[in-house]
Amino acid sequence: MTDQRSQADIVRRSLKKRYRKERRFRAYGVLAISIALGALVILFADIIGKGWTGFIKTTVTLEVVLDSQSMYLDDPTDADQRAMADFAAPIIAALQKQVPEAARSQDLRQLYRLVGTYGSNDISDLLRANPEMLNTTQTLTFLASDAVSVYVKHRDNPSYSVRLSEQQQQWVDQLMEKGVIKTAFNDVFFTSGDSREPSNAGILGALVGSLLTLVVTLAIAFPVGVAAAIYLEEFAPQNKITDFIEVNINNLAAVPSIIFGLLGLAVIINTFGMPRSVPVVGGLVLALMTLPTIIISSRAAIKSVPPSIREAAEGIGASKMQVVLHHVLPLAMPGMLTGSIIGMAQALGETAPLLLIGMVAFIVDVPDGFFSAATVLPVQIYLWASSAEQGFIELASAGIMILLTFLISMNALAIWLRKRLERRW
Amino acid sequence: MQTANLLPLVLVLAVVAYLLAYSRSRAVAEPIGGIRNLKSLPFYYAARASLWCAIPALLVLAAWAGFEAKVIQAIVISSLPSELAPDSAGRASLLLSQISNIASGRLSPEFAPDGVVAAAELLETLRAQSKTFMTILVLLIAVLGASFAWTRVAPHVNAREKVEKTLLRIFFVCAAIAILTTLGIVFSVIMETFRFFQHIPFWDFITGTSWSPQMALRADQVGAEGAFGVIPLFTGTLLISVIALLVAVPTGLLSAIYLSEYASKRVRSVAKPLLEMLAGVPTVVYGFFAALTVAPFIREVAEAVGLAASSQSALAAGLVMGIMIIPFISSLSDDVINAVPQTMRDGSLALGATQSETMKKVIFPAALPGIMGGILLAASRAIGETMIVVMAAGLAANLTLNPLDTVTTVTVQIVTLLVGDQEFDSPKTLSAFALGMLLFVVTLLLNVIALKIVRKYREQYD
């Protein structure tokens, strides 16, 4: 009796401590989840904070007198004359009209630096396309130079260094008040390829490159993956070869992606002599990489089709192949599509293997086919992020936002497909 | 015709063959009393025709496209006069690029020797001939195949059986691509690795403590040797992976425990997908985050407490990599914790243990092998991860365990050695493949062990 009571006492006395431990353990769990989710929030906030300015461009709008005398140009259709002409002169004159106190030639040179490097090219292109505009006055909008752009967008941010002289900063402030220098939505970012100048660089080239690469990946990985899954799930005899294939697939799913880059470089490029940097090779490498993902998810989808369907089809005299192609495959299709979309999302975000097969080249043109040199979104982000020019940082984060938008919508599509089409048996 | 245009053309031919064979099978069936008296449905005769049309033609096309460039190069090189004939592989590739640049008009032929100009012309004609010949051959095979199948449209032919057999073979080949990929990986890294070890002894590679893969342009240059000791790369990789696991294992494990044992259904349904989002973020994004946000932050903090930190630290890369692998650990541990039978949980609770005591003393020991498997998988992920370390860890091969120092990893070196132009006979380039081999072997071992543990564990409770 006394023994029992004393034991109960011991238990009761220790209870408080044990409950405290229990609460502490729970708190650890909450803490761990908060750390993980906090990291996610910080990551997104950091990228949005760094990148939203990438969607803004800085422009200079000027009344430009395109007179032939100051440009030394009579005939804009003549390429030789255009090559010799001074297209900067009208811009400088127009800027001087806005900033009358700049008179010395040194000032004018500084003033001209406010307009982006390609300002004179813009006038040249305009005149070549519209020769009748010679000797007229036009209101033209140029991109501001990168230094101006950084000053306008980031002057309060200590991690950016402003590379304008005091004088230039004053002028920019004046011009902004007058409405000559303005900020606007950065359409250049969505309509052009890469450039050495941050304000002229765009993501379109990389987007098209990613699209072409993904088309190749999907065209190879989806049929091959589904066919392999059908064979392994429905036809494969239980033998050593089948076992070996299965072990291989499971291991391939865990091979580091960069190894696939080595494979692409050594086999596809060096042995078969395919060109470097092209979407076809990139797509092939990514197809090999995503194949295990697609096979594994397709097998799961086939497995989930109940045997009663197969038996019913066999019962009315269908051959094994007919059972599979007419009944199992259509019913497993939603699951296979879901797996493939997830595989494609994985391929879209992949960078390392593409670095090795030369898709990191600096490419200005938007690729126009499966065999033209291209880069892809994540590689473009990598290139911009590792560039020394500070204007590229915001472009890299803006690119990340676009990449993440694509990935999130692909995953959402997969989840929607799964909810909508997948039948539970 | 271009390979890219030939492919759709063959497919169009296959469709035509399909339609023709379909109508022929109906025509054949008409006099004998309808399609019920055919051995197979018209669909199968038609499908057989398009298979016969497309498959041989596509195989020839693939083989041609695969070997065309190499064969033409070999012919062009052998056509060169003896005084120009290349004496090494590097010289050959240089000559070839010169020849092809002249052929495509990017290089003016004026400054090249006559032999090279002649070779460029030969290259042009060979290319043109090869294209024409390939087009004719492929189309001929497609038409021949289709017409053979056309003659085989007859009531007594069991086309279904033949089509199904062919399909089965195609399915098998698709499944075998996994083996081919593995073979391709092994073949590609082993060949180059073997060549690398002809230059650098295996033992020096494995035990060397200094890594500087520069190869001299001249033999008498200072530091002409280059050092290929892999130890600093491996300590760098291990340092970063250990940091990553130190972050990810406790966080992932505790999250998994909380989500599976404590969290309400609603919390679980929100928190789990959000956690999994961490796994879906591309590695280049983590690299960006590590290099431009975390690394400067760590540097500032370290300087504030009086420590010297380099701008690219192992700690930054490791921390961010840890965040990346949290979801691996948590979802794998979640699975194994849920696989522990409910009876064990109930038994422990019935004896009066609190939930945390049940977790720590009963479920965790039971789930430990599975969790270890998950950690090994995460470790192999961390070792093979590339972009985060390329962007945040740096290039200097320091042999150090100081997490605030710059280290480099196996994957970073592979990328730096192979990005850009390279010659394929220098030890510098080949060393990247030796590193790849090492990486492949290590991650494969980790995976095999991990999968074995996980499988054994599953069998225990099934």
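Using 0.36 nm per residue, how much length does the chain from B:Phe187 to B:Lys131 gain when fully extended, once their Cα-Cα distance is taken away?
On the way: separation 56, 0.36 × 56 = 20.16 nm, distance 2.99 nm.
That pair, B:Phe187 and B:Lys131, stretches by 17.2 nm at full extension.
Calculated from DSSP H runs of 4 or more alone, at -39500 (n - 2.57) each and per residue, what is the 222 nm mean residue ellipticity of chain B, nearest 500?
Roughly -25000 deg cm²/dmol at 222 nm, from the helical runs in chain B.
Mind checking A:319-328 for the average number of partner chain beta-carbons within 10 Å of each residue's beta-carbon?
For this peptide, the per-residue mean of nearby foreign Cβ atoms is 2.
Ranked highest first by average number of other Cβ atoms within 10 Å, how do B:45-55, A:98-108, A:339-349 line up?
Result, highest mean first: B:45-55, A:339-349, A:98-108.
From the gyration tensor of the Cα coordinates in chain A, what semi-axes in whole Å does the equivalent ellipsoid have, largest first, with each one equal to sqrt(5λ)?
Equivalent-ellipsoid dimensions as semi-axes: 58, 35, 18 Å.
What translational diffusion coefficient, to the nearest whole µm²/s, does segment A:101-171 have by Stokes-Einstein, given a Kirkwood radius computed over alpha-carbon pairs, a temperature of 20 °C and 1.002 mPa s viscosity? Each step should come with its number before you reach the end.
Values: Rh = 14.0 Å.
Value of D from the Cα-based Kirkwood radius: 153 µm²/s.
Let me check something: with ligands and nucleic acids excluded, how do A:Lys182, B:Lys70 order by accessible area (1.4 Å probe), largest to smallest? All intermediate terms of the calculation are to be shown ahead of the outcome.
Values: A:Lys182 100, B:Lys70 80 Å².
Largest to smallest exposure gives the sequence A:Lys182, B:Lys70.
Could you state how much accessible area B:His156 has, in square angstrom rounded to the nearest 10, with a 1.4 Å probe and all protein chains kept in place?
About 130 Å², ignoring ligands and nucleic acids.
Using protein chains only (no ligands, no nucleic acids) and a 1.4 Å probe, work out which residues of segment A:335-379 have their accessible area cut by at least 50 Å² relative to the chain alone.
A:Leu355, A:Leu356
Would you calculate the convex hull of the Cα atoms in segment A:55-192 and tell me its volume per residue in Å³?
It is 120 Å³ per residue.
If you average over every viewing direction, what projected area does the convex hull of the Cα atoms of segment B:336-462 give, in nm²? Don't skip to the end; give the middle numbers.
Working: hull surface 44.2 nm².
For segment B:336-462, averaging the hull's shadow over all directions gives 11.0 nm².
Compute the semi-axes of the equivalent ellipsoid of the protein assembly as shown, taking the square root of 5 times each eigenvalue of the Cα gyration tensor, and list them largest first in whole Å.
So the three semi-axes of the protein assembly as shown are 49, 45, 30 Å.
Keeping all protein chains in place, calculate the accessible area per residue for the protein assembly as shown (probe 1.4 angstrom), answer in Å².
Working: 42100 Å² over 887 residues.
Per residue, the protein assembly as shown has an accessible area of 47 Å².
Compare the peptides A:195-204, A:5-14, B:326-335 by average per-residue count of other Cβ atoms within 10 angstrom and give them in order, highest first.
In decreasing order of mean packing, A:195-204, A:5-14, B:326-335 become B:326-335, A:195-204, A:5-14.
Quick check: at a probe of 1.4 Å, how many percent of the accessible area of the protein assembly as shown sits on carbon and sulfur atoms? Walk me through the numbers before you get to the answer.
Working: 26250 of 42100 Å².
Reported share for carbon and sulfur atoms: 62 percent.
Please compute the contact order of segment B:102-253 in relative form: average sequence separation of alpha-carbon pairs under 8 Å and at least six residues apart, divided by the residue count, as a percent.
It comes to 11 percent, rounded to a whole number.
Taking a probe of 1.4 Å and counting only protein heavy atoms, give the total accessible area buried between chains B and A in Å², rounded to the nearest 100.
Details: alone 25630 and 23300 Å², together 42100 Å².
Heavy-atom accessible area buried at this interface is about 6800 Å².
For chain A, modelled as a GNM with alpha-carbon contacts under 10 angstrom, which of A:Ile296, A:Ile316, A:Ile230 fluctuates the most?
A:Ile316
For peptide A:218-229, how many partner chain Cβ atoms fall within 10 Å of a residue's Cβ, on average?
That average works out to 3.
Per-residue Cβ counts within 10 Å, from other chains only, averaged over B:349-361: what number is that?
Per residue, the average neighbour count from other chains is 3.
Packing-wise, with mean Cβ within 10 Å as the measure, how do A:388-394, A:21-27 rank, highest first?
In descending order of packing, they fall as A:388-394, A:21-27.
If B:Arg458, B:Arg152 are ordered by their accessible area, calculated over protein heavy atoms with a 1.4 Å probe, which sequence runs from highest to lowest?
B:Arg458, B:Arg152
Toward the positive end of the charge dipole of chain B, about the Cα centre and with charges on Cβ (Lys, Arg +1; Asp, Glu -1), which of B:Ala244, B:Ala103, B:Trp203 goes farthest?
B:Ala244
Just report the Cα centroid separation between segment B:154-188 and segment B:306-368, whole Å.
Segment B:154-188 and segment B:306-368 have Cα centres separated by 44 Å.
The values are calculated or read from the model by the stated rules, or taken from the named source; none is laboratory data. Worth saying up front: this structure is predicted, and the values here are computed from it rather than measured. So basically every Cβ, Gly included, is an ideal-geometry build from the backbone, and we count neighbours across all protein chains shown. Each accessible area value is taken on the protein alone, full model and side chains, heavy atoms only, with ligands, DNA and RNA left out. Shrake-Rupley method; radii C 1.70, N 1.55, O 1.52, S 1.80 Å.
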